[in-house]
1. Taking 0.36 nm per intervening residue step and subtracting the Cα-Cα distance, what contour gain separates Thr204 from Thr56 on full extension?
2. 5 Å is the cut-off here: which amide hydrogens, built 1.01 Å from N in the peptide plane, fall below it relative to Thr210, excluding neighbours closer than 5 in sequence?
3. Taking 0.36 nm per residue of sequence separation and subtracting the Cα-Cα distance, how much length would be gained by fully extending the chain between Glu233 and Lys467, in nm to one decimal?
4. Listed here are the pairs Lys66/Lys122; Lys58/Lys129; Lys91/Lys122; Lys292/Lys491; Lys66/Lys109; which of them are more than 18 Å apart at the Cα?
5. With label points built 7 Å along Cα→Cβ from the Cα atoms of Glu344 and His395, find their separation and express it in nm.
6. Which of rounded, prolate, oblate describes the range 313-371, given a ≥ b ≥ c as roots of the alpha-carbon gyration tensor eigenvalues and a/c under 1.5 marking rounded, otherwise prolate only if a/b is larger than b/c?
7. List the relative contact order of the range 160-256 as a percent without decimals, with contacts defined as Cα pairs under 8 Å and 6+ residues apart.
8. Can you grab the distance from the C-alpha centre of the range 93-134 to the C-alpha centre of the range 137-177, Å, no decimals?
Amino acid sequence: MSFNDSSGFRFNGKPTFNNVHGNRVNNHTTITAAVIHMPGDDTPVTKCTISDEFETVKRGHVIGMKDLGSVNLSERDWRWQNGKIFWQRHKSARKTISTVGIHPDRQSKFTAITYEGEDAQKAWEDDFKQFSHASRTGFFQLFGINRSDIPMLIFHHELIPVAHLFTDSLWMNVYINYLRKKKGCSEEDLWLNTSSGVLCEGPTGPHFITWAFNTDASAIQALPSSVDMLEEETSVAFFSKFGFEVDSGILECAQEFYEHTYLNDLLPNTTEDHQHEDNSYPQWTVDYPYLKYSWRNLPHHRPIDIISGLRFDTVYSPSLDPVARWPPEAPGLWKWRDVIWLVEETRIDGGLTRFKLNGQGGKTYLESRFDLETFQRGWLSQAARVFDPLKTTGHQESFFVVNPPWPRLRSAPQEYTAYDGPLAPSDPCDAVEETRPVYFFLHPPPMTISEFISWVNGRTRFWSFDKDGRTRIPEEKCRQLGIPILTPDIKSYAGLRSWPTHIYPALCNWQIARGFDPSTADWARECGFPEFEIVRAKKNDQFEEIP
């Protein structure tokens, strides 16, 4: 029987065919002298694995061209023993990233990741499992493997970690934060494919940090992955299409670029009397510990004449002259938060803030925080307008704001039963008083350094049965009635903040792209901020009041 121009036949058993001619495609067969031998089902067949889908590359065929850095994969666990924390390493591995060539193809460039350490094989397997299944253009494309004692993964194309391209500019931060959210990865997992000019997701590369902020979903969806988005002009043109929806995130990102500034840098003469490194802190830091971080080197004596008038709602020049201020008619920047057992916060005439006591016997607590985000973003949104009349072209990085400490008031439960004076005769009025509402009044929060010192050490609060606070309850009476005795405490420290020079022109260019005039406060108002008061203008190198 002959089979001419045929296909798709299947034979059972162990058949043998003689007089075989022409071209044939046979699976699991052997041909000996024109005789086809087809093994039965009991013949072992080698199973194909996922690793067989990639080239096996000998180490000797890998030609190193450029090192791109390394990543420490070691991890540690901690355990508690005998009242102390002990750290122990449970994973030890390091991977090194390189641009390589593969013999004999000297024209093409590849990217190799080499794994070393006790857990190198486990680290290799983890990355292989992830990228052996990757076929989309937005991912690394695996080319070959090496499974020696020092294993490797080799990827198509020359790939550069974004960490090597990162310049920490505002717009590079903005774009990378959007891109990592779109791809659902870390910024350290982003790479540039030099062949396509596309940013793709790959294994974790060298460490670097970008600022996180709120993003717009529509901008994420439309976001391109092309390398030109790392350039300010391209990035600004893209994001400006989404207008108001991305404004807040850009200001949030810009604010995070703040740097700490010290009075020593602004007024070098204050360092002439500074404390030597081998000496203890000067005495004034014991009395005012919340002020010590305003200096890099602490002076022996507290220069209160220099710092006392610095306001928390004002922007200052490097010479400590005020240049812009939060308008007094705008909502206040101090906020009471984390309030316990006090309710119905109300602003009343005279600047007082009133609370109503809600229950007795528990710990009463409240903390005040200055709204740094609103104040500082408000400043950044209109800094160009303030700099314009000052004719400021340099040293913008030395313009600063003062961050106040955060005062808090709290009581301890035992204070309510601490009164051990003579018992007063029973008075029916006492029972009436115990059922009356009790109000807590706070004086206006401080706006300068000197006011803060006085506020903490002086009169800050009082209790009253009157809703308008006409009559105060004496402290001894408060103890008798179990009304909390709140004492001031300081959380955090005063400090100076400034922003790098590159932030200001970047935001100015953004305003122009959005269609706003940077010499006005229009964009600031669009973002929900009030127009700052320009306190002084510079003329002939002298500051003068603006009428």
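1. Net length gain for the segment: 51.0 nm.
2. Amide H neighbours of Thr210, under 5 Å, 5+ apart: none.
3. 78.4 nm
4. Violating the 18 Å limit, Cα to Cα: Lys66/Lys122; Lys58/Lys129.
5. 5.4
6. On the way: a/c = 4.50, a/b = 2.35, b/c = 1.92.
Prolate, because a/c is 1.5 or more and a/b exceeds b/c.
7. 32
8. If you average the Cα positions of each part, the centres end up 11 Å apart.
Laboratory data are not the source of any read-out in this text; all were calculated from the coordinates shown. Note that this is a predicted model, so its numbers are computed, not measured. Please note: Cβ atoms are built from the backbone with ideal geometry, for glycine as well, and neighbour counts cover all protein chains shown.
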